[in-house]
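K.L.:
One structure, pasted below without further comment.
The values are calculated or read from the model by the stated rules, or taken from the named source; none is laboratory data. Nothing here was measured: the structure is a model prediction, and the numbers come from that model. All Cβ positions, even for glycine, are placed from backbone atoms using ideal geometry, and neighbour counts span all protein chains on display. With ligands, DNA and RNA removed, areas are computed over all heavy atoms of the protein, side chains included. Shrake-Rupley method; radii C 1.70, N 1.55, O 1.52, S 1.80 Å.
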Amino acid sequence: MRLSRYFLPTLREDPAEAEVVSHKLMLRAGMIRRLASGIYSFLPLGLRALRKVENIVREEMNRAGAQEILLPLVQPAELWKETGRWDKFGKELLRFKDRKEHDFCLGPTHEEVITDLVRGEIRSYRQLPLILYQIATKFRDEIRPRFGLMRGREFIMKDAYSFDANEEGLNKSYRLMYETYERIFSRCGLRFTAVLADTGTIGGEESHEFMVLAETGEDVIVSCPSCGYAANLEMAEAVQNFSYPEEEEKTLEKVSTPDVKRVEDVAAFLGVPTWKLVKTLIYLVDNKPYAILIRGDHELNEVKLRRALGAEVVEMADAETVERLTGAPVGFAGPIGLSGIVIIADKAVAGLKNFVTGANEKDAHYINVNSPRDFEIDSFYDLRNVTQGDLCPRCGKPLELTRGIEVGHVFKLGSKYSEAMGATFLDRDGKEKPFVMGCYGIGVSRTLAAAIEQNHDENGIIWPLALAPFHVALLTLGPGDQELFEASEKLYHALWEKGVEVLWDERDERPGVKFKDADLIGLPYRIVLGKKFKSEGKVEIKPRTQKEAFLLSEEETINFLASEIQRACQSK
RNA sequence: CGGGACGUGGCUCAGCCUGGUAGAGCACUGGGUUCGGGACUCAGGGGUCGCAGGUUCAAAUCCUGCCGUCCCGACCA
């Protein structure tokens, strides 16, 4: 492609609308433009990069024996009512009516549609296993879209669904997809890790998330360098047993704490460490009130809470509810004297002596609180977030916390959807059974953003070869120089013939402009025809990852680039 | 949905507090010089200041409402 004819509007300055680096760079490099919040157009360069990801995904899915299909974005409400998700999914599901006043939605995911398709066509265990996938647009009316393609409302996703006759088959399909995902993200040139994950609203039994490691990631990954254990924050078990020093139980005492509410403030005011405070959080768990006790220096994880209680919905009680249940404004809740409310606690609270709690009274706390002497705890669960210094649940060595971007997610669904929708097949024993399903997603557009989050410097993007929209930027300096232009044109065609994708900057621009744009766009190799070519007949080559350039003849340049690209991009 | 910020040529922003002729840089068009890290110069084109009300002799500026965008929290590929 000739840059002078290419629709590539690069920006000198950071656009005001972008905050994170991938978003800024994609806008500046002319890859995307915003149409509405969380909704983006892809420009030629952005689309080329997107297609690179898609093609790797497609090749590896096909290799695994999955078959590509394309399902509708617009879906009738009836299907969603069959599984009960029409009511459960909430506002993320964008709903509307057609001209006949029938309810429809834009597909945020496709379990219903795929299950409907398969139940009509697959009748026998002999047709299993079956894995189908698509690469298509999804729409989720996110509460807060942000960070450009990282959390858009409309986005490109690869979603796959496996159908098996039994658990054993599902385990095999799951394993196959897991391994396929490892191949996909490796081929993309990304540093990633797979972690144990919660199954969330899609539901199911087992689940892993694939996380691209990046400082700017929204998710926290807990991993053990010693044994390889890795989980996200919702799943990582906080197993540490705290052995608190033996202490006499002192006399319970109410103290005045005027206007002191926050944990740090209370601790400072009373002169005790934050871990000797116990927070009392009032939650509505499936609309039943719970008081949850957690150490002052720990954080409650709502997903853990939901899982521990086997609940559907957990939400923090609002200020009025807290006041009604505890008789005190927010900030002074405590377990002593509460009635009509279940009291549970995080495991780390067990064995804690002479701690501090709210007194259910404005401007007052209790000190020297002890359980069960002063109140009873119904039960203990793992409810807190793992923190730096916690120990691995498998091997007991210290855990590490890092950040990541979730780019893929694999689930074992079991028969949740097939049962709800009556999707059955006839098994070998002559009995009707529901399909045992798995579902496997990759955020394709998000993967692109994650790749940039992980690979950039202060000058712009640094594309991994496999994802680069073009492999090479060819800069011709010296405008109007016929010799340089003709040599460039020859080289340009020769490279394309060898399968090297070249973006040729033959614009009538000064060298500085070309260098800046080349760095910004971040193609893996930059080759320059300028002074050195005029004097020595050599082409200057600089990998985007390196500071220094080197010189090669035209022929060497072609061979070098062709072999580099073949090495990095061919499906292994 | 709660909390915060913002909306002025294509882009980044100033002007608003203290009402009175709409500005700068970049980008764009034409001319000249320049050409290995975002050149210089001359001449130009382009904005009903997000929208709608209100206050005022007069509103980008003050007030009210709405819309849009971004950031922080609960959701997720």
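K.L.:
Taking only pairs six or more apart or across chains, which ones have beta-carbon atoms under 6 Å, a first residue in segment A:239-254 that is more than 28 Å from A:G337 (Cβ to Cβ) and surrounded by 11 or more Cβ atoms within 10 Å (Cβ to Cβ), and a second residue that is aliphatic (A, V, I, L, M) and modelled with pLDDT of 85 or more?
P.N.:
Here the result reads A:Q240/A:L391, each pair linking segment A:239-254 to a residue that is aliphatic (A, V, I, L, M) and modelled with pLDDT of 85 or more.
K.L.:
Could you figure out which of (1) within 13 Å of RNA strand B (Cβ to nearest atom); (2) closer than 27 Å to A:L43 by Cα isn't true of A:L561?
P.N.:
(1)
K.L.:
Taking A:Q388 as meeting all but one of (1) over 24 Å from the mean Cα position of the chain (by Cα); (2) without any contact (Cβ under 8 Å) to a residue 40 or more places away in the chain; (3) under 22 Å from A:I294 (Cβ atoms), write down the number of the exception.
P.N.:
Result: A:Q388 passes all but (1).
K.L.:
So which of A:K514, A:K538, A:K534, A:K547 is closer than 25 Å to A:P9 by Cα, within 16 Å of RNA strand B (Cβ to nearest atom) and among the charged types (D, E, K, R)? Spell out how you get there, then give the answer.
P.N.:
On the way: A:K538 fails: closer than 25 Å to A:P9 by Cα; A:K534 fails: closer than 25 Å to A:P9 by Cα; A:K547 fails: closer than 25 Å to A:P9 by Cα.
Only one candidate passes the filter, namely A:K514.
K.L.:
Shifting gears a bit: What's the total number of residues in segment A:270-325 that are part of a strand (DSSP E or B) and among the β-branched types (V, I, T)? Don't jump to the end; show me each part of the working.
P.N.:
First pass over segment A:270-325, keeping only residues part of a strand (DSSP E or B): A:277-285, A:288-295, A:300, A:314-316.
Imposing the further condition that a residue be among the β-branched types (V, I, T) reduces the set to A:278, A:280, A:282, A:285, A:292, A:294, A:314.
Number satisfying all stated conditions: 7.
K.L.:
Same structure again: Among A:I405, A:I377, A:I442, A:I452, which is open to solvent by 20 Å² or more (accessible area, probe 1.4 Å) and in contact with a strand residue (DSSP E or B) (Cβ under 9 Å, 6 or more places away or on another chain)? Don't jump to the end; show me each part of the working.
P.N.:
Values: A:I405 fails: open to solvent by 20 Å² or more (accessible area, probe 1.4 Å); A:I442 fails: open to solvent by 20 Å² or more (accessible area, probe 1.4 Å); A:I452 fails: open to solvent by 20 Å² or more (accessible area, probe 1.4 Å).
Going through A:I405, A:I377, A:I442, A:I452 in turn, just one is open to solvent by 20 Å² or more (accessible area, probe 1.4 Å) and in contact with a strand residue (DSSP E or B) (Cβ under 9 Å, 6 or more places away or on another chain): A:I377.
K.L.:
Looking at segment A:131-176 only, could you name the residues that are within 13 Å of RNA strand B (Cβ to nearest atom) and assigned to a helix (DSSP H, G or I)?
P.N.:
Correct list: A:G148, A:L149, A:M150.
K.L.:
Please state which one of A:K532, A:K514 is over 15 Å from A:F470 (Cβ atoms), in contact with a strand residue (DSSP E or B) (Cβ under 6 Å, 6 or more places away or on another chain) and in a helix (DSSP H, G or I).
P.N.:
A:K532
K.L.:
Can you name the residue in segment A:99-137 that is at negative phi and free of Cβ contacts under 8 Å to residues at least 24 places away in the same chain and is also least open to solvent (accessible area, probe 1.4 Å) among such residues?
P.N.:
Only one residue fits best here, namely A:G120.
K.L.:
Tell me, which strands (runs of 3 or more DSSP E) lie completely within segment A:1-80 with 1 or more residues that are open to solvent by 60 Å² or more (accessible area, probe 1.4 Å) and away from RNA strand B (no atom under 16 Å from the Cβ)?
P.N.:
Details: elements: A:32-36, A:39-42, A:74-76.
Filter on segment A:1-80 gives A:74-76.
K.L.:
Could you check segment A:532-552 and list, in sequence order, the residues that are over 22 Å from A:E453 (Cβ atoms) and surrounded by 14 or more Cβ atoms within 10 Å (Cβ to Cβ)? Give the derivation first.
P.N.:
Our first condition is that a residue be over 22 Å from A:E453 (Cβ atoms); within segment A:532-552, this holds for A:532-542, A:547-552.
Correct list: A:K532, A:F533, A:K534, A:K538, A:V539, A:E540, A:I541, A:K542, A:A549, A:L551, A:L552.
K.L.:
Residue check, A:L495 against (1) within 16 Å of RNA strand B (Cβ to nearest atom); (2) part of a helix (DSSP H, G or I); (3) not β-branched (V, I, T), all met but one. Which one?
P.N.:
Result: A:L495 passes all but (1).
K.L.:
Can you name the number of the only condition in (1) at pLDDT below 95; (2) assigned to a helix (DSSP H, G or I); (3) touching a strand residue (DSSP E or B) at 6+ places or on another chain (Cβ under 8 Å); (4) not small (G, A, S) that A:K91 fails?
P.N.:
Checking A:K91 against (1) at pLDDT below 95; (2) assigned to a helix (DSSP H, G or I); (3) touching a strand residue (DSSP E or B) at 6+ places or on another chain (Cβ under 8 Å); (4) not small (G, A, S), the one that fails is (3).
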